[in-house]
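Here's the structure, in structure tokens; my notes come after.
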Amino acid sequence: MRVPVVQHTGRRRSARRRRALWTGAEVLVTAGVVVLLLVVHQLWWTNRQARQGAEREVAALEREWGGGTPGRGRESDPAGAGAGAEAGEPPARGRAPAQPHVPAGPVPSHAYAILAVPRLNLRVPVAEGIGKPDVLNKGYAGHYPGTGQPGRAGNFALAGHRNTHGEPFRHLDRLGDGDRIVVETRSAVYTYAVDQTLPQTSARDTAVIRPVPRSLVHPGRGYRGPGYYITLTTCTPEYTSKYRLVVWGTLLSMRPR
């Protein structure tokens with residue numbers, strides 16, 4: 001009598017394939033959950049944290065200035081030197097106002113001014129430097145070192161995130177001619193008016209933050225003579241850092257606090 005032989009090889013192969021498929025599906029699901037959590041962290045949590053921190057810093061500066069308490073703002077208010085012009089009267093373009101002794105420059109990474117853009121419902125601290133961990137990722141506007149200070153001749157140039165970490169410059173592209181940009185310091189409030197925008201330029205177009213800002217990539221954009229300028233820059237298109245969006249304005253008025 002012949003005993004039938006059961007072939008298990010095919011069954012084992014099928015079982016291995018099923019296990020491999022199941023393991024692969026688990027890996028894909030896990031990877032998807034991780035990616036989703038990273039997206040949530042970048043697009044929601046970093047914004048929430050940065051905005052709350054920026055709001056607290058604005059409130060702290062306002063309390064400090066209101067009470068006249070010595071602190072970070074006092075030793076880092078070089079903008080006060082521009083308050084020599086009569087309140088409400090912008091200095092004539094190309095002619096510097098009388099300037100008293102200038103205090104020591106801003107302390108790196110410390111907030112020393114407040115940037116307000118009414119059209120964007122924006123109000124954030126301005127800190128010295130454009131480093132990500134200590135300035136931009138906190139939801140602040142960062143002052144380009146070596147550029148001018150508010151209310152003074154030259155170019156007060158700022159950078160800010162467009163996406164994530166508070167994204168203060170998210171809607172910078174909505175600004176147009178005549179929109180107001182207000183910069184507050186311990187000693188004065190400076191009001192600028194937007195009069196030029198550059199929707200896209202190279203990240204290496206550093207001439208846009210020079211004392212007389214002017215694009216080297218788009219030679220027809222910018223200014224031709226000395227003045228009292230403000231420059232706001234951010235990345236473009238959204239969720240990339242390939243190009244830069246630039247908004248320029250000129251000083252309209254200054255008044256003591």
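Values in this text are rule-based calculations from the coordinates and carry no lab data. Since the structure is predicted, the reported quantities are computational estimates derived from the model, not experimental observations. All Cβ positions, even for glycine, are placed from backbone atoms using ideal geometry, and neighbour counts span all protein chains on display.
Determine ³J(HN,Hα), in whole Hz, for all residues of region 45-54 in sequence, where each value follows from phi through the Karplus function 6.51 cos²θ - 1.76 cosθ + 1.60 and θ = phi - 60°; x replaces Gly and Pro.
Using θ = phi - 60°, the values come out as 5, 5, 5, 4, 4, 5, 5, 5, x, 5 Hz.
Do you know the relative contact order of region 162-256, to the nearest whole percent, from alpha carbon pairs under 8 angstrom that are 6+ apart? Could the numbers behind the result be given before it?
Numbers: 188 pairs, mean separation 30.8, N = 95.
The normalised contact order for region 162-256 reaches 32 percent.
Arranged from highest to lowest average of other beta-carbon atoms within 10 Å per residue, in what order do the peptides 147-154, 224-231, 14-21 appear?
On the way: 147-154: 23.2, 224-231: 19.2, 14-21: 10.1.
Taking the mean over residues of other Cβ atoms within 10 Å, the ranking is 147-154, 224-231, 14-21.
How charged is the neighbourhood of Asn163? Take every other residue with its Cβ under 10 Å from the Cβ of Asn163, and add Lys/Arg as +1 and Asp/Glu as -1.
Details: positive: Arg162, Arg170; negative: Glu167, Glu238.
Net charge around Asn163: 0.
If I model a spin label as a point 7 Å beyond the Cα along the Cα-Cβ vector, how far apart are those points for Ala15 and Ala207 in nm?
7.4
How large is Rg/Rh for region 165-257, to two decimals, with Cα atoms and a Kirkwood Rh? Show your work: numbers first, answer last.
Details: Rg = 13.7 Å, Rh = 13.9 Å.
On the Cα set of region 165-257, Rg over Rh gives 0.98.
Sorted by average packing, counted as other Cβ atoms within 10 angstrom per residue and highest first, what order do 185-191, 238-244, 205-211, 129-135 take?
Details: 185-191: 22.0, 238-244: 13.9, 205-211: 17.9, 129-135: 16.0.
The most tightly packed comes first, giving 185-191, 205-211, 129-135, 238-244.
Residue by residue through region 240-249, which ³J(HN,Hα) values in whole Hz follow from phi under the Karplus form 6.51 cos²θ - 1.76 cosθ + 1.60 (θ = phi - 60°), with glycine and proline marked x?
9, 10, 6, 10, 10, 9, 10, 10, 10, x
Residue-wise, which Karplus ³J(HN,Hα) couplings in Hz belong to region 213-218, taking 6.51 cos²θ - 1.76 cosθ + 1.60, θ = phi - 60°, and x for glycine or proline?
Couplings: x, 7, 6, 7, 6, 10 Hz.
How would you order 161-169, 108-116 from highest to lowest mean count of nearby Cβ atoms within 10 Å? Let's see the in-between values first.
Numbers: 161-169: 23.2, 108-116: 20.9.
In decreasing order of mean packing, 161-169, 108-116 become 161-169, 108-116.
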